[in-house]
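Reviewing the structure listed below.
Just so it is clear, none of the values below were taken in a lab; they were calculated from the coordinates. Note that the coordinates shown come from a computational prediction; the quantities given were computed from them, not determined experimentally. Neighbour counts run over all protein chains shown; Cβ positions are idealised from the backbone, glycine included.
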Amino acid sequence: MEHLLGGRAWRYEMGPLSACEVDGFDLDVALQTGQLAIEVKSGRRVHDGDLRGLLALAESHKVRQSIVVCGERQPRVVDGVEIVPWRTFVDWLWDGDLL
């Protein structure tokens, strides 16, 4: 996660980046005062089961934006979770468009 965010993490005033477990699901999580949750998947397709951890986190905390960064070609939204290609995420990060 730290490599993905690189030198732009400062822009979002994030606390320490960490992984966590929610309801038995491991997540790659970056939280900006509890508003942003990010999961990174290496596959080309995100399935509903891949969202369970982010959905559980959104239920237990007030998460404003949940994102899965992955190898899909087109962005889409499933149950409020934004599924975005890694290049789109990098553009958002560098342009300051997260949250």
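Going from the fewest other Cβ atoms within 10 Å to the most, the residues Lys62, Lys41 appear in the order Lys62, Lys41.
Overall shape: oblate for region 30-99, with the ratio a/c of the largest to smallest alpha carbon gyration tensor axis at 1.5 or above and b/c at least equal to a/b.
The label point for Arg52 and the one for Asp91, both projected 7 Å from the Cα toward the Cβ, are 3.3 nm apart.
Fully extending the segment from Ser42 to His61, taken as 0.36 nm per residue of separation minus the present Cα-Cα distance, adds 4.3 nm. In terms of surrounding Cβ atoms within a 10 Å radius of their Cβ, Arg44, Arg52 rank from fewest to most as Arg44, Arg52.
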